[in-house]
1. Determine which single condition GLY301 fails, assuming it passes every other condition in (1) open to solvent by less than 40 Å² (accessible area, probe 1.4 Å); (2) without any contact (Cβ under 8 Å) to a residue 12 or more places away in the chain.
2. So, in the stretch 163-195, how many residues would count as being buried (at least 18 other Cβ atoms within 10 Å of the Cβ), β-branched (Val, Ile, Thr) and in a strand (DSSP E or B)?
3. I'd like to check something: does the stretch 227-243 contain any residue that is surrounded by fewer than 16 Cβ atoms within 10 Å (Cβ to Cβ) and either within 26 Å of PHE169 (Cα to Cα) or in contact with a His (Cβ under 8 Å, 6 or more places away or on another chain) (or both)?
4. Write out, first by first residue and then by second, each pair whose Cβ atoms fall under 8 Å of each other, whose residues are 6+ apart or on separate chains, and whose first residue, in the stretch 3-16, is under 9 Å from PHE32 (Cα atoms) while the second is within 13 Å of the ligand (Cβ to nearest atom) and at pLDDT below 95.
5. Quick check on THR242: is it out of contact with any strand residue (DSSP E or B) (no Cβ under 6 Å at 6 or more places or on another chain) and without any contact (Cβ under 8 Å) to a residue 40 or more places away in the chain?
6. Quick one: how many residues across the stretch 34-66 are open to solvent by less than 30 Å² (accessible area, probe 1.4 Å) and either in contact with a Gly (Cβ under 9 Å, 6 or more places away or on another chain) or hydroxyl-bearing (Ser, Thr, Tyr) (or both)?
7. Condition test on GLN317, is it open to solvent by less than 10 Å² (accessible area, probe 1.4 Å), among the polar types (S, T, N, Q) and within 16 Å of the ligand (Cβ to nearest atom)?
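The values are calculated or read from the model by the stated rules, or taken from the named source; none is laboratory data. Quick caveat: nothing in here was measured; it's all calculated off a predicted structure. Please note: Cβ atoms are built from the backbone with ideal geometry, for glycine as well, and neighbour counts cover all protein chains shown. The protein model used for the area step is the full one, side chains on, heavy atoms only, and it has no ligands, DNA or RNA in it. Shrake-Rupley method; radii C 1.70, N 1.55, O 1.52, S 1.80 Å.
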Amino acid sequence: MLVLGFESTAHTFGVGIYDSASNRIIANKKAFYKSLNEGIVPRKAADHHAQNASKVLGVALAEAGISLSDIDVFAYAAGPGLGPCLKTGYAAAKYLSLMHKKPLVPVNHCHAHIETARWQLKMKNPLALYVSGGNTQIVSGMKYGGKTKNAGRGTAKNSHAVVFGPPFFVYGETLDIGVGNLFDSFARELGEEFAHGSVIAAKAEKGKNYIELPYTVKGMNFAFSGLFTAAAKKIRQPGIDTNDLCFSLLETAFSELCEATERALLLSGKKELLVAGGVAQNKVLCGKLKLVADENDVLFGVADNQFNADNGAMIAQTGYVQYKRGKAIAQAKAFSRQKWRIDEVK
Ligand code: FE2
């Protein structure tokens, strides 16, 4: 079975294709909306997605060596995300599923990041730290037996025979902003043209001295807005090295995440820990989480960066899982939802 997935929740318009027979991603293409000197303006990003949709779709199909009529299921990221951006992937998937008379499957973006990381890492029932711009959560899900119903020839031998999914439980989460948002906002305060977490991470690598900043963990929840305000105030203080400040910002935020994650690991008794989402591309965070996992005799994993950055492949692969769980919907009931929490996914 070939599943095509559209991702368009924020800055990325992505198209991915998953082949269940070989259990492989056979295409993963994207166009990225790069906002300069401002945050993401939803309308501008949506225009970018609409302008690039057919081109990205075309190169994804060419990479896979197939045509649209070969696709068995169309999946799309239905939320959470920016309203105008969500509508572009939603419209494309709905139109193509109608035109080709094929099933349509809505996918939760957070579920997709976690599920595709789990799939690639061949984990069975992990605790997931999901870290991105808009979302930061510690999540567990259900593991359904060893194989899916009607999963097709050879499926039971493959890692995707393990079905991991809803209902999800959120052990802990940010009480205010996402950790990626913290870094993007701080980059704007520093006057960076491309205000992105990767810019802060590069500066942090050059920092050495820790500058004390507020640290907020409440049980398994954490908060970052006080940390942002305190760090932003220090930028113009005399004698402050901004590389040291970036280093300290990352150290503080990542330590908060590690403390809360360790608590959730101990409470849940899980033996696997994965980190997924845009901020999972940060090696410092991964190093700290690996330490937490090693100290607790837990397997740690992080997926390839192509799956941590927003992408269509994760929507396709998770779309397959949800399709097999009977979650295809009638085109007339297609939806997109800006605030679709992972623990609301069915
Ligand atoms: Fe994402």
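1. The one condition GLY301 does not meet is (2).
2. 2
3. no
4. If the second residue must be within 13 Å of the ligand (Cβ to nearest atom) and at pLDDT below 95, the pairs left are HIS11/ILE40.
5. Values: out of contact with any strand residue (DSSP E or B) (no Cβ under 6 Å at 6 or more places or on another chain): yes; without any contact (Cβ under 8 Å) to a residue 40 or more places away in the chain: no.
Answer is no for this residue.
6. Number satisfying all stated conditions: 6.
7. It is true that GLN317 is open to solvent by less than 10 Å² (accessible area, probe 1.4 Å), among the polar types (S, T, N, Q) and within 16 Å of the ligand (Cβ to nearest atom).
Every residue, every condition in (1) within 16 Å of the ligand (Cβ to nearest atom); (2) open to solvent by 10 Å² or more (accessible area, probe 1.4 Å); (3) of a type outside the set (A, V, I, L, M); (4) without any contact (Cβ under 8 Å) to a residue 24 or more places away in the chain, yes or no:
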{"site": "ALA93", "(1), (2), (3), (4)": "no, no, no, no"}
{"site": "VAL107", "(1), (2), (3), (4)": "yes, no, no, no"}
{"site": "VAL131", "(1), (2), (3), (4)": "yes, no, no, no"}
{"site": "THR136", "(1), (2), (3), (4)": "yes, no, yes, no"}
